[in-house]
Amino acid sequence: MIIDLLNFCQHYSGSEANILFTLLENGLNVPHFFCITEDFTEDELNNYLQNHFQHTKLFSIRLSLSFEGHENGSPFDSSYEPSYLTNIPKSALAYSAEKLFSEAREIADKFNNGYKQVTAYVIIQEAVEYYLCGNLHTAYTAGIINTTIIYIGHDFDAYSSDNNTKRSIYCHNDIDGILFAHEPKGAQTATLGLISQLLEISKKIKKLFKRLFLDIRFAFDYIEQKIYIITVHKITEMPENSSEITVLDTKGVCNYYPGVTEPLLASASMAISKKIMDDIVKFTGYSKKIPASSTELMEYVNGRLYFNVNKLKVMQKTLYLNEDTEEYIHPSIRKSINHIKECRSLSAWRRKRKTALRINKLLEENLRQRNSLCSKLNTILDELSAYSANTPCETVKSYFIKNLSALSECMNANQLNTLYINFNKKLLSRCRPSDKKYISAKTTIDKCTKYRTELKRFHYSFLRLLRIYSLHMGNDLVKKGVLQYADDINMLTCEEAFSQEGVLNSHIQKTICKRKETFSWYKSMPGFTQLVFNESSIFSAPEGKVDLICSVTEKSRIRGCGLNLEKAEYPAEICERSILPKICSPEKIYVVNKFPAISENVRLGGLIIAENPAFENMVSDLTDCSFPVICGAEHALSIIKNGDIVSMDSSSGNIHINHKHIA
């Protein structure tokens, strides 16, 4: 039997063939092809070729297999590698097809125990002349940000998976609109126009196949300037709940440490995050089983601190810390009925409302403690500032441990404060300006905003002193012969640096060297808001140095750390050597690499600093500026170009770029 586009819907044509037919039906470029079943005859095949492929001389053929009735319920399997036969003339097609069907019978016997049925088809496709070809990995959009990975190479077999030595790797982040590339020596560099076409194809494919990872091989025809989808080599369905795949998120605590974070600060942040979660869980009276350690909600991976999104969402849903919290606090009768239906019982709904009320009480109590906490934090800063380089290291170590708990209180308060601001902002949107609730919510937001400014000022001042003291400890460890350089202490975790059991020894140098290597590589990567890890390794990330090249979308988004609460939208101007112009414009946003020297009377539209705020040379007066200031936007100079329209929100650290020109 012969199956083509006209009748493929009436037959289950195998995994790959079915997808290729769907792509062809939806207007994507696929070289003309058809399928034959095992009961085909040579006369039937020759007649079809004579009627539809009179001018085609060479073909490529391959198997398309479908696995049905698997014991695990999965209709796909990627553990087999069926043969690809290329440049086959018409006269040899029947013989070659018989060889492939013979191979299919061997595969069917191999998987006979796991599958009720293995169905085989042979795809016969016209050969395509190409110069550039490669792979396009797509993934469904729900929850996964790294949705498009592109491998491009030249002068190798498009149907072979062995020749990867000269393939360039391009990765596109759909949220941030950033493209980074790894181009090994001798690789063919693809034009941005070609990459843009591939990204458009990826968008179409993701709309058609929402829950599939597809590894699609393509060829680029320079004469027709077209991209042809040749094969769908691998098909994998994303499972609903997989313990092997973890989505990690940099939001939350990592807002304080934008970009890549040294293990010393990241491990301290994880301890702080644990306290934040513990406080909320304790206050709400949540009695069900929670992770033995709240640090299970976070993971430190090669220089970056992440929340485990899947686990965090479960915790949020359980504690009702999601965006709809206020619906449980002041529900209307109609909403009450809906919630009772969702909970399936009145008692379950009452438990939800009780938990939400307790959380709201926690938020209010946090704001009432503002004055006492700020007074305590300022006293701690004064004490820390009184110490000098001559302070004994044991004293420094005790202050590290003691005042990390103070930093924990500060960050805990800010987390709850931010949640309270968001709650009251939503309350404003539902009330009229004349209502008492509106006036009350607006007053609360003003108090919370001022509170957040004070907490941020303490946080950055504390971090600056913390780094000075950590280097002081590092110098002492250098004298003892434990470390080679003083700043190597930043490559250790808090547990290692503060160890009282002599864990620091000569073997720690191997750990430091390895962490330095991975740290420098991750430092070269763009700051994703989310990444996907598969079996503890980055999914589809290239190995080696990653070079950020540009954005191929009209709009991009990056994140940094805001130092005040201002907003602005103006054209960008890049400042060489981090020196601002003598006469600055209040209608321009200036982008610099390091913290610049700023006079008191300077007027800018906004300031974006690539350098991380945790370093010693941070200018604390920037928090009092009347224009927005965001630092820690590590790749701002690579992404933002002169003339781009930049919208920046210093309260959240978000930077949106509307690109003037796309190279």
Next item on the list: Just give me the residues in the range 574-586 being surrounded by 13 or more Cβ atoms within 10 Å (Cβ to Cβ) and farther than 17 Å from L622 by Cα, in sequence order.
Entry: I574, C575, S585
Checklist line | When residues of the range 45-56 are limited to those that are over 17 Å from F8 (Cα atoms) and not aromatic (F, W, Y), the one least open to solvent (accessible area, probe 1.4 Å) | finding: L49
Next item on the list: Give S461, S440, S470 a once-over and let me know the one that is assigned to a helix (DSSP H, G or I), among the small types (G, A, S) and surrounded by fewer than 17 Cβ atoms within 10 Å (Cβ to Cβ).
Entry: S440
Next item on the list: Considering only the range 626-649, state which residues are at positive phi and modelled with pLDDT under 90.
Entry: G632
Notebook entry, point to check: Is it the case that some residue within the range 84-102 is at pLDDT below 85, open to solvent by less than 50 Å² (accessible area, probe 1.4 Å) and not in a strand (DSSP E or B)?
Noted result: no
Next item on the list: Give the residue that is surrounded by the most Cβ atoms within 10 Å (Cβ to Cβ), with candidates limited to residues of the range 473-503 that are over 17 Å from R515 (Cβ atoms) and of a type in the set (S, T, N, Q).
Entry: N475
Notebook entry, point to check: Residues in the range 57-69: is at least one modelled with pLDDT of 85 or more, farther than 20 Å from L208 by Cβ, open to solvent by less than 10 Å² (accessible area, probe 1.4 Å) and among the β-branched types (V, I, T)?
Noted result: yes
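Each row is one residue, and each column tells you yes or no for (1) at pLDDT below 75; (2) surrounded by 18 or more Cβ atoms within 10 Å (Cβ to Cβ); (3) in contact with a strand residue (DSSP E or B) (Cβ under 8 Å, 6 or more places away or on another chain); (4) not charged (D, E, K, R).
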site	(1), (2), (3), (4)
I123	no, yes, yes, yes
E129	no, no, yes, no
L132	no, yes, yes, yes
N135	no, yes, yes, yes
G143	yes, no, yes, yes
T148	no, yes, yes, yes
G153	no, yes, yes, yes
D157	yes, no, yes, no
A190	no, yes, yes, yes
Notebook entry, point to check: Does N422 qualify as being in a helix (DSSP H, G or I) and within 30 Å of V478 (Cα to Cα)?
Noted result: no
Next item on the list: For residues that are open to solvent by less than 10 Å² (accessible area, probe 1.4 Å) and in contact with an Asp or Glu (Cβ under 8 Å, 6 or more places away or on another chain), scanning just the range 7-35, find the one that is nearest to D221 (Cα to Cα).
Entry: P31
Next item on the list: Restrict the check to the range 29-38 and report whether at least one residue is at pLDDT below 90 and polar (S, T, N, Q).
Entry: yes
Margin query: Can you confirm whether N490 is in a helix (DSSP H, G or I), over 30 Å from S626 (Cβ atoms) and either polar (S, T, N, Q) or at pLDDT below 80 (or both)?
Written below: yes
Note to self: Would you confirm, using the coordinates I've provided, whether T37 is touching a strand residue (DSSP E or B) at 6+ places or on another chain (Cβ under 7 Å), of a type in the set (V, I, T) and under 29 Å from I205 (Cβ atoms)?
What the structure shows: yes
Notebook entry, point to check: Quick check: anything in the range 220-242 of a type in the set (S, T, Y), open to solvent by 10 Å² or more (accessible area, probe 1.4 Å) and modelled with pLDDT of 80 or more?
Noted result: yes
Next item on the list: Go through (1) of a type outside the set (K, R); (2) under 28 Å from C171 (Cα atoms); (3) modelled with pLDDT of 80 or more and name the single condition T553 misses.
Entry: (3)
Next item on the list: Pairs only if they're at least six apart or on different chains, beta carbon under 8 angstrom, first in the range 369-386 and touching a residue at least 12 places away in the same chain (Cβ under 8 Å), second open to solvent by 80 Å² or more (accessible area, probe 1.4 Å) and in a helix (DSSP H, G or I); list them, first residue then second.
Entry: R370/K447
Item checked: Output for the range 387-404, where each listed residue is free of Cβ contacts under 8 Å to residues at least 24 places away in the same chain and either part of a helix (DSSP H, G or I) or surrounded by 15 or more Cβ atoms within 10 Å (Cβ to Cβ) (or both) -> E394, T395, S398, K402
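The values are calculated or read from the model by the stated rules, or taken from the named source; none is laboratory data. In this text, all values refer to a predicted model and were calculated from it rather than measured experimentally. Here Cβ is always computed from backbone atoms with ideal geometry, including for glycine, and neighbour counts include all displayed protein chains. Heads up: the accessible areas ignore ligands, DNA and RNA and are worked out on the full protein's heavy atoms, side chains in. Shrake-Rupley method; radii C 1.70, N 1.55, O 1.52, S 1.80 Å.
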